Structure formats: structure tokens, C-alpha cells
């Protein structure tokens, strides 16, 4: 079992002829993802790694049954690409592109709501149901099937955590990257809700960072509505106030979204918070042993 | 990108939002000259941070001479860490009431949000909740008239009052500007009622950096240090810190976690540098050169390849080491996409890479202490 995507999910790659699009289409195929088509305006009829390329999403959808799309097109065209996917009825869209104007992101989310589509990202590494389907840019070899769900804001940091989990013998059920931008489709709460329903996910690792209040909201939800145990790691303990650390998500302003407020909200919800990434497996072990002992 | 008050006000003016009469001055003489036309004036330091009034950054003058003197005192002064290079000289207003009005982005609701209050003039976070009206705006339909009526009603304004009509116009125009200019924040605090007119007495405007490609007519304001600027030109996020361990990592979260782990082991990072987002080896080589400019004691490179490829990272490192003699230790941690290829490239130059982040971090801290 897994959430959002599984072994039957058929995937479209928008921007498949670009450098990132073609490289990662190949990586996804190698992982076992059913990448059935690609889109690149003006490149219709070509093939990339034997995947047929179409000029429009509509044309691709006419030939294939497509469940999800992954977008690699440059920031200036990403909104258009996302709307194109919604209009063709694709219900799950992962937007890898970074530096999308925030006004475009707001429009994407408003349109997604109208079309009943789920957006992962933007500025995400995507999502993967380990061993079944990878819609993203994460390195293949770290995502082995198991019973730990992972949800994170930041990309590379989740590879780090997933790597640590694997080293300790924990595989993953589904790993979801929310994306580092100020406006993203899925929230911690959305994903935690799905994990809670998933019988195969035994425990969840949540990787947060300073800025915003998504972690605090997640803490509320965990406290009120979750039975599956959650362990957290938070980045940005040493970040100076008022400095923007890379992505828009990671900024502390006027005392809001601080490390301390997130840490205490989570601990208050019974979520152990690791000081360092490699301590996550140890905390998981403790919480799972505690559960089994009950 | 944050704008100075005078720039924000000139944008407001363009969009039909009333602002006080005045002009910007870079010298005391200019300030005196502007005051001649105004009679009495307010002299406001132009800095990119709030709270300047309390910090002594705003002065009043009743004559050109006084204005010159006030400007002389303010110009060149440092207020809250920012040097005052310009002052805004404006007419003194006969303020009857101070309101608060802002439009910004609500991450939770994923839409623009309007915030208004009848308690303007102070920090909005200190205003009691019951005096604040918050309205999420549907980005697809915009600031419809009914939404503005709801705001006016919730604020308890008299619909028939002339000032309410002016207020409604300002709300509509502020939203227009907010959307048209790709703003992250447009804040008027205070929005004043003076002699029966509603006027934006201050302007805080932040424009989305990601939209600069389509906002070419907007001015550019430099907030960065020299090295931060060079990094921005490379398309990388860089923040200067105080320590002696130069850091390059990929991904904002990972870069932050790298700083956290160095501090955990007692080290002091010299910077935050996110070389993520699939930067090629050429960009990364230049990023490493940038790190050397601050003369750190150790360089710590922590890469978990995803869209960033380990072979690109390795090539960047060997390229820089091949071009210049680096006398400080370089600690490398390299795993992820194309890891084997990356390690092979490093080994060919007799370099090695760590597998584990905390081991590499401990080593970097140890070397920095030597």
C-alpha cells in the first residue's frame, strides 16, 4: 500500500526534451515508474528514452491513459503547463520547477481546486511510493519499500533522512516533498491525513524547517486526529532572524515560525524531535518499540 | 525585493492612491529646497526597515533652514543597522485618524489576503484581534466590489461618508497594484484621514524576486553584501554569517541542517550557500571560488545529489583545485545521483569524500579548531 501513487500510476512528463526533463524521465523509467508519454511544444513525434513525445497534453491524453504529470518546464511557463494538465483532466500534478512567481503559484492552486486536482510543489523533488512509482527527481537507490512514511518541505534534507532510515533498516512506504515555496499545493496536514488512512504505514517522519506555521498546524492535527506515531526533524535551529535562507519558506520574521515555537508545538503533541538528522531512526525505534510493547 | 518608502509611494501615485506632496532628497540643500514649496515638512529617513520613528529617524521642520538641518542630522546616520542615504521630505498632514491597510500573501489559504484596521500607526501585531479585519481574496476573480463593501462594513465605517468612498477606491487600487506588480506585500501604515482626505502616509512594498523577469520597469534595490550579490548573479542563495567554516550544500533545508550540525559540534559556519536546483559544474566551481574570498579556515562541501549530480560537483571541486592553490582543508561529503562517477573523479585527484554527514561535519569542526 502507499498513498497518492502506486504501481499502476501512468505518468506524463511535461518538458521531457529539456536537460532535466529527459534525464529524470530516464531515471524514473529506471526506477520502474510507468512513464507513458512526454510533452514538449514543437517536439511532437520525437522520442525520449523510447517515450513518445506530444506537442500538447491534450494530444498525449488522447493516446494514453494518464493519471499524473510531472512538470519540468521553466518558471515563466510553469503556470501554463499546470493549467494545461488540469484542463486535460490530470488529477495529480507534481511541479518540480523552482522560482515560479508567487502570484502564478496562487493561480495554479486556485485552478487546481476548481478542477479537483492535487498539486505537489512547486519547488519540490516530487513524491515516491517506494518500489512502485517515483514521480520526481530523488536519487533512485535510497527509496526502498518499507513501512515508514516521510513528508518533508525540503528536498535534499529528506534524502538525507531517508538515507539514514535505510541505513538503519527502515524502508519507506511513500515519501512526499511538499516543496520549499511560500505557496505549495499539499500541506503537512493533507499528507498526514493520507498516511493515517494507510494501513501499511507504521510510523511517519516529518521533516520541517523554520518559517511559516505549517509545522504548528501539523502538531495540532497530530494531537487531535492521529494514531500513527510521528517523529520529526526540524532544520534551521542556527539560522539568524530575518535572513532568508534560500527558499521563501525558510525565513523567520518578527518572531514567527521560529525553531522554538515549532519544536514546542510538536513535543506538546507527543512528537519526538531529533536534534540531528541521523538521530531520526533511533527515535523511530523507541517509539515503535513502545507501541509494540503496549 | 523591498522598496524604500519613496519608491513605494511613487508606485502608489502611479496607481492613483493619494500620497502626501513631497520629494526625495540626497543633500540638506535639496531638503531645504523642497521645503520652500511645502511650508512645513516631515523629514523621513529612507531605510529598509520599520520602527524608524522610535529610533529617531523622522524629524519635523517649519522652515527650509530647519529642514536642511534635520536632513543634515539624518543623512549618513546609521539607524537600526541601515545607513541613511536619502530622506523623504513631505508636507505635514493634519491627521484626524490613522488606519492600517495591507495586502499580502496567505500561505495557508494560498491566496492574497487583505488586512485592515481602524487602529493604524502601530505594529499590526500589537493591535487586538477584534480591531483587525482579514479578508482572503479569490485570486481568480479579484477584489470584487462586494468584497470591498464587506470590508467597509466589518470595519464599521459609515457607507455614506466621503472618506469611506475614498477608502473603497484605495482598496481597489491597492489590489490592482498588488497583482499587476507581482507584490508580496503592499502595506500602508498609517493610512491617514487628514482634512477629509484619505492619504497613504507610509508605503511598504515588497516585490517577488521570482517575477523580476516580467517586471522590468520596476527599479532594483540592492540589499545584499558584495559576496551575496556575486552569488545572486550565479543564481545561488547565499547569506553571510560570522564564522570560519565555509559551507556549500544543496537544497535550502539541507544547507540549514548543515549549519545546524556544524554548530551542534561546536563549529561556526561562515555562510549559508545553497548550490542546489541543478547548478552545473561551472556554476559550482565559481561558488567555491566565492567561498574562498572570505578566507575561511575550512571549506565544507555537503552534497546529497538529486537534481544536483555528484559528478558535476566533483568536476567543480577538481576544476577549482586545479586552477588555484588552496591552502586550507576541504572536507567533502558526497552521495546521491551519480555518486560513483563523482567519487571516481575525486579519487583521480587523490581527494576523498565522506559518506556520512555527521562524520564529515565533525571533521570540518576539528580542522577549523587547529
* Structure fact -> Percent antiparallel among DSSP beta bridges confined to chain A, nearest 5, equals 25 percent
* Taking R0 as 60 Å, what's the FRET efficiency between residue B:60 and residue A:197 from their Cβ-Cβ distance, rounded to 0.05? -> 0.40
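Over the protein assembly as shown, what is the percentage of antiparallel beta bridges among all DSSP beta bridges, to the nearest 5? Walk me through the intermediate numbers first.
On the way: 59 of 110 bridges.
In the protein assembly as shown, approximately 55 percent of DSSP beta bridges are antiparallel ones.
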* **Whole-Å distance, taken between Cα centres, linking region B:94-164 and region B:287-315** => 47 Å
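Please order A:284, A:178 by the number of other Cβ within 10 Å, starting at the fewest.
On the way: A:284 24, A:178 28.
By the 10 Å Cβ count, ascending: A:284, A:178.
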* Asked: Along the Cα-to-Cβ line of residue A:227, 7 Å from the Cα, sits a label point; which residues in region A:184-208 have backbone N less than 16 Å from it?
  -> A:193-204
* Asked: 222 nm [θ] for chain B, helices only, -39500 (n - 2.57) per DSSP H run of 4+, per residue, to 500?
  -> -11000 deg cm²/dmol
* Structure fact -> Tilt, helix B:339-348 to longest principal axis of chain B (alpha-carbon atoms), in degrees rounded to tens, equals 60 degrees
* For region B:169-214 and region A:270-285, write down the distance between their C-alpha centroids in whole Å. => 45 Å
* **Computed label-point distance, nm, for sites residue B:144 and residue B:217 using a 7 Å Cα→Cβ extension** => 2.9 nm
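Give the peptides B:329-339, B:244-254 in descending order of average Cβ contacts within 10 Å, highest first. Don't skip to the end; give the middle numbers.
Working: B:329-339: 22.1, B:244-254: 28.5.
Ranking the peptides B:329-339, B:244-254 by packing returns B:244-254, B:329-339.
Evaluate peptide B:333-339: per residue, the Cβ atoms of other protein chains within 10 Å of its Cβ; return the mean as an integer. Intermediate values should be presented prior to the final figure.
Details: counts 0, 0, 6, 9, 9, 1, 2.
For peptide B:333-339, the averaged partner shielding equals 4.
When the chain is fully extended, how far beyond the present Cα-Cα distance does residue A:6 get from residue A:58, taking 0.36 nm per residue of separation?
Stretched out fully, the residue A:6 to residue A:58 stretch lengthens by 16.4 nm.
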* Asked: Which whole-angstrom value gives the distance between the alpha carbon centres of region A:116-185 and region A:22-48?
  -> 20 Å
* Structure fact -> per DSSP, antiparallel bridges as share of beta bridges in region B:226-369, % nearest 5, sits at 20 percent
* Asked: Using alpha-carbon pairs under 8 Å, 6+ residues apart, how would you state the relative contact order of region B:277-350 in percent?
  -> 40 percent
* Structure fact -> Here FRET efficiency (C-beta to C-beta, residue A:140 to residue A:220, R₀ 35 Å, nearest 0.05) is 0.50
* Note down the relative contact order for chain B as a percent, whole number, built from C-alpha pairs under 8 angstrom at least six residues apart. => 13 percent
* Asked: Hey, what angle do you get for helix B:28-38 against the long axis of chain B, alpha-carbon based, 0 to 90 degrees rounded to 10?
  -> 30 degrees
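Given contacts defined as C-alpha pairs under 8 Å and at least six residues apart, what's the relative contact order of region A:144-293, whole-number percent? Could the numbers behind the result be given before it?
On the way: 275 pairs, mean separation 37.6, N = 150.
Reported relative contact order: 25 percent.
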* To do: Can you tell me the FRET efficiency between residue A:279 and residue A:91 if r is taken as the Cβ-Cβ distance and R0 is 30 Å, rounded to the nearest 0.05?
  => 0.20
* Of B:160, B:13, B:59, which is the most mobile in a GNM of chain B whose springs link Cα atoms less than 10 angstrom apart? -> B:160
* **Between 0 and 90°, nearest 10: helix A:19-31 axis offset from chain A longest Cα axis** => 70 degrees
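Read-outs throughout are calculated quantities, based only on the coordinates presented, and are distinct from any laboratory measurement. Quick caveat: nothing in here was measured; it's all calculated off a predicted structure. Every residue, glycine as well, gets a Cβ built from its backbone with ideal geometry; the counts of neighbours run over all protein chains shown.
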